[in-house]
Amino acid sequence: MKFPIGIQSFEKMITEGYCYVDKTDLLYQLVKEGAIYFLSRPRRFGKSLLVSTLKNYFLGKKELFKGLAIEKLETEWREYPVFHIDFNGSNFTVPGTLEDILEGTIKGWEREYGKSQDYTDIGKRFAYVLKQAHEQSGKRCVVLIDEYDKPILDVLDTGIKGEQEEMLLEDRNREVLKGFYSVFKAADDDLQFVLLTGVTKFSQVSVFSGFNQPADISMDIRYEALCGITQEELEHYFAGPISDMADREGISKEEMTGLLKRQYDGYHFSKAMTDIYNPFSLLNAFATQDMQDYWFRSGTPSYLIRLLAHTDENLDELTGKYYDPQEFIDYKANVEKPLPMIYQSGYLTIKDYKPRRGTFLLDFPNNEVKKGFVSLVASDYFKPQRENVNSWIQDLIDALEEGDTDKLHKLFTSFLADIPYTMRRKQDERERERYFHYTFYLIFRLVSVYTVYTEKEQSEGRVDCIVETPDYVYIFEFKLDGSADEALRQIEEKGYARPYASDKRTIYKIGASFSSQTGTIDDWKIQN
């Protein structure tokens with residue numbers, strides 16, 4: 001089986017025999033039920049392939065769709081004028097790049113369909129081209145714009161100035177795009193179909209001002225599986241590679257399917273909660289016969305790192321909570337509110353839906369994203385120790401695996417003592433408590449090899465942390481400026497170890513006190 005890694009051309013996939021997960025029934029439904037659409041999905045999730053498939057469909061290339069679902073659905077196979085723009089491959093941090101790309105693109109279309117001498121504005125020139133194409137072909141036009149938001153995301157919160165020094169490049173690019181996209185309102189009679197794809201929806205920052213608002217299908221139940229791979233598709237198309245990976249690891253096919261699900265599944269894009277796998281990671285895993293963090297390693301968006309660098313919100317305060325959709329679906333470019341960007345970029349996803357309240361639970365989609373994103377955030381959080389964090393985590397994992405509680409004590413004490421006073425200095429008790437909890441949250445989230453629960457709810461309270469290894473279960477309770485005895489007493493009184501009463505593993509109850517003055521562990525006691 002040939003896996004189309006890095007291939008976004010539908011024509012190439014079909015003609016060169018790459019595996020193609022047939023979405024053409026959904027594509028047919030899309031083009032027949034509407035005209036102007038917007039779709040938001042994380043990077044490397046198949047948006048470009050969707051655009052390429054639509055392009056070939058509207059060009060009437062029936063031969064490419066032989067054997068696919070749409071072959072039995074479509075009877076006319078009309079050819080339309082198609083205008084395709086892909087912003088994906090350009091770097092928009094250089095002033096003038098966006099204008100140059102649009103100018104070059106429009107000039108190419110003008111050479112084909114004619115140029116008006118009356119217009120110099122880029123949007124009006126595009127509208128004229130669309131009208132000419134409509135009149136010359138007798139068919140309305142199709143416009144496909146891939147990664148429409150990249151010219152803004154590249155320069156978001158960078159402070160880079162445009163060619164006119166008084167304006168930020170971020171504002172300049174937004175202004176140019178606003179003028180360009182306004183064409184869709186003026187050219188309404190000349191348009192058959194429009195699709196814009198991107199990571200974020202800039203509905204509140206004027207990009208679509210003057211544009212007939214597109215139908216946003218990003219959370220539409222009908223199109224939840226338009227990009228990505230469903231469980232049914234996984235088992236239908238990739239049964240062979242799953243069996244091969246299972247044989248290589250010496251486990252059953254069912255066990256391997258479970259491992260793949262925990263590593264790469266977990267995305268949900270509507271109330272229907274259909275499980276969607278990350279296609280990029282899944283295909284790479286099948287090609288290499290090895291489960292690695294392919295999507296996360298392919299590059300973390302620089303705009304997300306910039307936003308997180310100066311937000312006041314901690315990761316533990318964003319995850320595992322229910323939100324009104326207005327809080328995370330519509331993006332407003334505000335560095336103090338990173339949640340929508342984190343969600344739309346694919347680092348958080350919907351995990352539950354409460355119909356009565358109309359709220360959604362947001363959390364990490366899978367192990368790959370959880371491990372990678374927490375590592376990224378922790379690397380920035382523990383800046384002075386950045387070089388040592390990974391090796392320290394490996395030492396911590398070794399100690400947990402060996403049941404070496406003395407080593408655990410020493411590791412925590414030394415690591416925390418190395419955090420500079422300026423970093424842990426907080427003005428009030430609430431901020432000290434917040435820093436204390438977040439520090440331990442990140443530390444234990446980094447231990448992704450084993451099952452780790454932070455702030456786990458039980459019948460009589462919330463446990464600070466539980467770590468489960470094959471031979472040991474560690475129940476941690478931390479106190480800020482308290483005592484280890486106090487922490488152990490809470491473990492006993494609240495019955496935190498009760499769920500493990502019949503567990504054959506060794507149970508360690510660890511009470512620890514963290515000093516806000518010294519910034520490290522000053523009291524540590526163990527019961528087993």
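Just so you know, all these numbers are worked out from the coordinates, no wet-lab data involved. Note that the structure is predicted; figures quoted are calculated from it, not measured. Here Cβ is always computed from backbone atoms with ideal geometry, including for glycine, and neighbour counts include all displayed protein chains.
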Legend entry - Lysine pairs meeting the criterion (Cα under 12 Å, 8 or more apart or interchain), as found in region 83-213: 6
Inset, instruction - Determine, at each q value in 0.21 (inverse angstroms), the log₁₀ of I(q)/I(0) that the Debye formula gives when each Cα of region 427-506 is one equal point scatterer. - result: -1.07
Legend entry - the chain: angle of helix 386-402 to the longest principal axis, Cα-based, in degrees nearest 10: 50
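By counting other Cβ atoms within 10 Å of each Cβ, how are E99, E255, E147 ranked from fewest to most?
Ordered from fewest to most neighbouring Cβ atoms within 10 Å, E99, E255, E147 come out as E255, E99, E147.
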Inset, instruction - Using Rg and Dmax of the Cα atoms in Å as the read-out, say which of (1) 26.6, 85; (2) 23.7, 82; (3) 33.7, 113 was calculated from these coordinates. - result: (1)
Legend entry - region 229-297: projected area of the alpha-carbon convex hull, averaged over directions, in nm²: 4.4
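I need E457, E11, E76 ordered by Cβ neighbour count within 10 Å, fewest first.
With the sparsest Cβ surroundings first, the list reads E76, E457, E11.
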Legend entry - Cα shape, region 281-367, gyration tensor, a/c 1.5 rule: oblate
Legend entry - Cβ-based exposure ranking for H236, H437, in which fewest neighbours within 10 Å come first: H236, H437
Inset, instruction - Return the percentage of antiparallel bridges among DSSP beta bridges fully within the chain, rounded to the nearest 5 %. - result: 50
Inset, instruction - Return one number: the angle in degrees, 0 to 90 and rounded to the nearest 10, between the long axis of the Cα atoms of helix 239-249 and the longest principal axis of the Cα atoms of the chain. - result: 30
Inset, instruction - Answer rounded, prolate or oblate for region 108-241, using the Cα gyration tensor with square roots of eigenvalues a ≥ b ≥ c: rounded when a/c is under 1.5, else prolate when a/b is larger than b/c, else oblate. - result: oblate
Legend entry - Degrees, to the nearest 10: 484-493 long Cα axis against longest axis of the chain: 80
